[in-house]
1. Only one of these is farther than 30 Å from residue 22 by Cα, touching a residue at least 12 places away in the same chain (Cβ under 8 Å) and of a type outside the set (Lys, Arg): 276, 261. Name it.
2. Based on this model, can you work out whether residue 512 counts as of a type in the set (Lys, Arg), surrounded by fewer than 24 Cβ atoms within 10 Å (Cβ to Cβ) and in contact with a Cys (Cβ under 9 Å, 6 or more places away or on another chain)?
3. What's the number of the only condition in (1) among the hydroxyl-bearing types (Ser, Thr, Tyr); (2) free of Cβ contacts under 8 Å to residues at least 24 places away in the same chain; (3) over 24 Å from residue 173 (Cβ atoms) that residue 120 fails to meet?
4. Any idea which of 210, 259, 231, 269 is assigned by TED's automatic domain parsing to the domain that holds residue 286, crowded, with 20+ Cβ neighbours inside 10 Å and over 17 Å from residue 40 (Cβ atoms)?
5. If the Cβ limit is 6 Å and pairs must be 6+ apart or interchain, which residue in the range 546-558 that is within 13 Å of residue 272 (Cβ to Cβ) pairs with which residue that is hydrophobic (A, V, I, L, M, F, W, C) and modelled with pLDDT of 95 or more?
6. Taking the range 460-483, which residues are surrounded by fewer than 20 Cβ atoms within 10 Å (Cβ to Cβ) and either among the aromatic types (Phe, Trp, Tyr) or not in a loop (DSSP other than H, G, I, E, B) (or both)?
7. May I ask you to list the residues in the range 315-333 that are within 24 Å of residue 553 (Cβ to Cβ) and buried (at least 18 other Cβ atoms within 10 Å of the Cβ)?
8. Quick check on the range 347-370: of everything there that is more than 34 Å from the chain's Cα centre (by Cα) and not in a strand (DSSP E or B), which residue is modelled with the lowest pLDDT?
Amino acid sequence: MTHGYIRVASAVPSVRVADCRYNAAEIIRQTHEAADRGAAIVCFPELSITGYTCQDLFQQTLLLDEAEEAMEVILTESHRDVVVVVGMPIRHGGALLNAAVVAYNGNIMGVVAKTYLPNYKEFYEKRWFTSVTDVPEGMVEICGRELPLSQYRLFKTPDFTFGIELCEDLWAPVPPSSVLAMKGADIILNLSADNDTVGKYSYLRSLVSQQSARCLCGYVFSGCGFGESTQDVVFGGKAMIYENGSLLAASPRHSLEPQMTVSEVDIAQLRTERRTNTTFATNASLLRQVACPVTKIAAQAPAVERLERPINAHPFVPRGRMLDERCEEIFAIQTEGLAKRLQHIGCKSVVVGISGGLDSTLALLVCVRTYDRLGLSREGIVGVTMPGFGTTDRTYRNAMQLMEELGITIREVSIRKACEQHFEDIGHDMSVHNITYENGQARERTQILMDIANQTGGIVIGTGDLSELALGWATYNGDHMSMYGVNVSVPKTLVKHLVSWVAAGMEEGKARTTLLDIVDTPISPELIPADDEGNITQKTEDLVGPYELHDFFLYHVLRRGDRPEKIEWLAQQAFEGIYDADTIHRWLRTFCWRFFAQQFKRSCLPDGPKVGSCSLSPRGDWRMPSDASSAGWISALSSEEK
């Protein structure tokens, strides 16, 4: 596998009902197309060799004989480097099975028969077929070959394991795919007919999405399309590929042309999810007594040079309409968390350091919304601006205007004299702008906030975000410390969108204008003096790297458990044309080093609400020794040196 990815294909061929030779030729053509596109496996619809809508023709010996002859042609002429899964009727004693046949390299590797036969409304499958549960397990003969028949079966290649269910099986309360996944199937293939009626497609997509999520698997669905009989129903053709609840690719419906959908399933990530999700393993243990034979297939998956599936460069930031919904939900979680904390301790005063930057702005907005929801006066919110050696007119002005416009209590305390005295006390040269110079200012500001909180009987609200915690971009016992951190699990790339979202919901006016200017201000701790024109000289992203890269790295480390070289490979595709390979490599090394070196700051993190899929709280998602070594991660990247 290439970084754990397997390319899979779902095909919807052109069909002629009961014309097995034509159908076989179309299947063969599409297997070659799948191979040309680098697929390791291709799935065709239910009864794709005969057509699903043959009805009583399934009782004709000629049709059944021609289906086997067509299968022989497929074995001979289809592409031999691709695992091919097709649907056909198979005779078994006095019964007829609706089955999937697995072929590879000119051989039939196995047969899986349908378990649940729909026999209601427009479906009459029990008129022709028998469920696999109603025939004895044993051997079934197809194309002169004897193959074992059982209710459940896995197919194991050197790179991945897959299982098969057919159409109605998915709609059952306990689908076969649930058993197959817990027995080890990474990918489920569904050979389906699935006719179209109003509203059904939406429900089907929900069903496939949920099943792939419950089973922590890839799910490849192939449904009959153009060419099936339209005597009473229409089959619109559905080729869909899902992974753990997310749609990777889907074909357009109701096409008059054959369809093929191709994407990559991340096998490595799915296996990581299963190891992490202990509920999955516990549930699987309940099936120890269920027999599920394994058929091995010596099929080596082709290398994946470049992914066809989309790579989200900003995985924490949803797109389109979902962004507004996500912002609203996060803001609600933040405010509810703070409201509960204030109610629990009986506190009516909060203290927030306001710098004119993004993080403190979001924290202030959360406090304002919380006070409004609790019916408290905004005067109980004490906003403290603490200008220092690096404070610019722009950020100072924005901080003051925002506090005035939101109607909170304003305090201004300059840190200059206190820091000058402190540096004199410890013998630090003020002209040396090193870490002592920077962190001394951060700790002075935190002391002021803590003391004002004591004065007002309040608590200090932390402003630091998830991205800063990942990089350790916080002064220990400085801005690292608070009584409650409302932004603690919000990544930097999402903070900007949250502030913009709040601004968009405001009426035109000064507050909205101020918020939008804050969004456009370069990210900086402002601990180094401004230039002669009063502009910010200390830009965070110049020092530690672009936050959009670091958030990408963080997501793939924390949420997906990916190897560093895989993350680098993905980032090169996600940020193509934005950052070159050397830049990505450099900042990923920085991320790995800082992530490990700064764990001690996260080990004593103040309380704060988890809002998304990732958190670095030692009481939540992430428990890591503060002295863990980053050597393995750095070494993995060193082997990929540019």
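The values are calculated or read from the model by the stated rules, or taken from the named source; none is laboratory data. These numbers come from a predicted model, not from an experiment. Neighbour counts are summed over all protein chains in view; Cβ atoms, including those assigned to glycine, are modelled from backbone coordinates with ideal geometry.
1. Working: 261 fails: farther than 30 Å from residue 22 by Cα.
Exactly one residue qualifies, and that residue is 276.
2. Numbers: of a type in the set (Lys, Arg): yes; surrounded by fewer than 24 Cβ atoms within 10 Å (Cβ to Cβ): yes; in contact with a Cys (Cβ under 9 Å, 6 or more places away or on another chain): no.
In short, no.
3. All conditions are met except number (3).
4. On the way: 210 fails: crowded, with 20+ Cβ neighbours inside 10 Å; 231 fails: crowded, with 20+ Cβ neighbours inside 10 Å; 269 fails: over 17 Å from residue 40 (Cβ atoms).
The conditions single out 259.
5. Between residues of the range 546-558 that are within 13 Å of residue 272 (Cβ to Cβ) and residues that are hydrophobic (A, V, I, L, M, F, W, C) and modelled with pLDDT of 95 or more, the close pairs are 556/567.
6. Within the range 460-483, just 476 meets the criteria.
7. Result: 315, 316, 317, 326, 327, 330.
8. Result: 348.
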